[in-house]
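A short worksheet on the structure shown next.
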Amino acid sequence: MQLGRRLFLKGGVAVAALLALPRALLASAWPEPAFASKAASNALTELYGTDQTTPSSAISLGAPEIAENGAVVPISVETSLENVQSVSIVVEKNPRPLAVSFENPPGTLPDVACRIKMGQTSPVMAVVKTDSGLFSVSKEVKVTIGGCGG
Amino acid sequence: MASKIKVRVKLKGDVAEVKTLMMHPMETGARKDPDSGATIPAHHITELTFRNNDTQVMTVHCSTAVSRDPYFSFSYGGAKAGDTLSVSWVDNTGGTDSVETVLS
């Protein structure tokens, strides 16, 4: 009886470990609370556990000074920081500030670009997560025509 | 259905520069139909995954704030000619699309 219980427990632990493994490896569930957050600091806290970022001149954020069309704003982020794990783009005055989040496995270069929508003129923040913390750089982008519909 | 993802990869040594463009409406859920006035429900890509052979090289999580017909670019190391890069996305309604390309 005792032996049976031991075996059962061990089996349970093994199964739980197997189930947990792919999740940990991929870490790829869509972080809905972060994307649903209506304030930039909440979004960062949901995504990274803290909204405290260190301003860094090692990050270069490519964004236009004036975006004529808020529906298509080209953004690029490049950094010389090492061991980058994640890069996120946060538009502070968008209804949902977290626009996009890149998960960089080791070997992938911290050099990304995409196109996002902006509802109105707002600071755009690039947040870079490395193994030594969160770093950020911010830039004001003026929007002539908003791109969030309505 | 043919894939609506376009991928261009440039190999520079062992670094692959990936540029990709995909067709997707990326509805925010805030827009209204101009005729009926009904709100158009949100319809956007949530997750985009890139694999080199079987190694995950990039995951992108998207909100509705990514532009219509999204464009992404990034680079990764450890690539060589003959490797297969696969790109796939899923959206919030369960739709998916994927494409594979061989590096050269």
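The values are calculated or read from the model by the stated rules, or taken from the named source; none is laboratory data. Because the structure is predicted, anything quoted here is derived from the model rather than measured. Cβ placement follows ideal geometry from the backbone for every residue including glycine, while neighbour counts extend to all protein chains displayed.
Quick one: in the stretch B:29-64, of everything that is part of a strand (DSSP E or B) and more than 22 Å from the chain's Cα centre (by Cα), which residue is surrounded by the fewest Cβ atoms within 10 Å (Cβ to Cβ)?
So the residue we want is B:32.
Here are some residues: B:48, B:11, B:103, B:85. Which one is in contact (Cβ under 8 Å) with a residue 12 or more places away in the chain, closer than 25 Å to residue A:118 by Cβ and more than 8 Å from chain A (Cβ to nearest Cβ)?
On inspection, the qualifying residue turns out to be B:48.
One residue is enough: does the stretch A:88-95 have a residue meeting the conditions farther than 23 Å from residue B:57 by Cβ, more than 10 Å from every other protein chain (Cβ to nearest Cβ) and at pLDDT below 95?
Checked the stretch A:88-95: at least one residue is farther than 23 Å from residue B:57 by Cβ, more than 10 Å from every other protein chain (Cβ to nearest Cβ) and at pLDDT below 95.
Any idea how many residues of the stretch B:10-28 are surrounded by fewer than 19 Cβ atoms within 10 Å (Cβ to Cβ), of a type in the set (A, V, I, L, M) and in a strand (DSSP E or B)?
3
Being within 20 Å of residue A:46 (Cα to Cα) and in contact with a Gly (Cβ under 8 Å, 6 or more places away or on another chain): is that true of residue A:117 here?
Against the criterion (within 20 Å of residue A:46 (Cα to Cα) and in contact with a Gly (Cβ under 8 Å, 6 or more places away or on another chain)), residue A:117 does not qualify.
Out of A:146, A:70, A:150, which single residue is farther than 21 Å from residue B:77 by Cβ, modelled with pLDDT under 90 and crowded, with 24+ Cβ neighbours inside 10 Å?
Criteria check complete, one pass: A:70.
Need at least 2 residues that are over 15 Å from the mean Cα position of the chain (by Cα) per element, so show me which strands (runs of 3 or more DSSP E) inside the stretch A:52-150 make the cut, counting only ones lying wholly within it.
Qualifying strands (runs of 3 or more DSSP E): A:59-62, A:66-69, A:73-79, A:122-130, A:133-145.
When only residues in the stretch A:97-114 that are within 7 Å of chain B (Cβ to nearest Cβ) and surrounded by fewer than 23 Cβ atoms within 10 Å (Cβ to Cβ) count, which is farthest from residue A:72 (Cα to Cα)?
A:107
Does residue B:17 count as acidic (Asp, Glu) and more than 7 Å from every other protein chain (Cβ to nearest Cβ)?
So residue B:17 fits the description; yes.
Looking at the stretch B:65-102 only, could you name the residues that are crowded, with 17+ Cβ neighbours inside 10 Å and outside any strand (DSSP E or B)?
B:65, B:67, B:70, B:79, B:83, B:92
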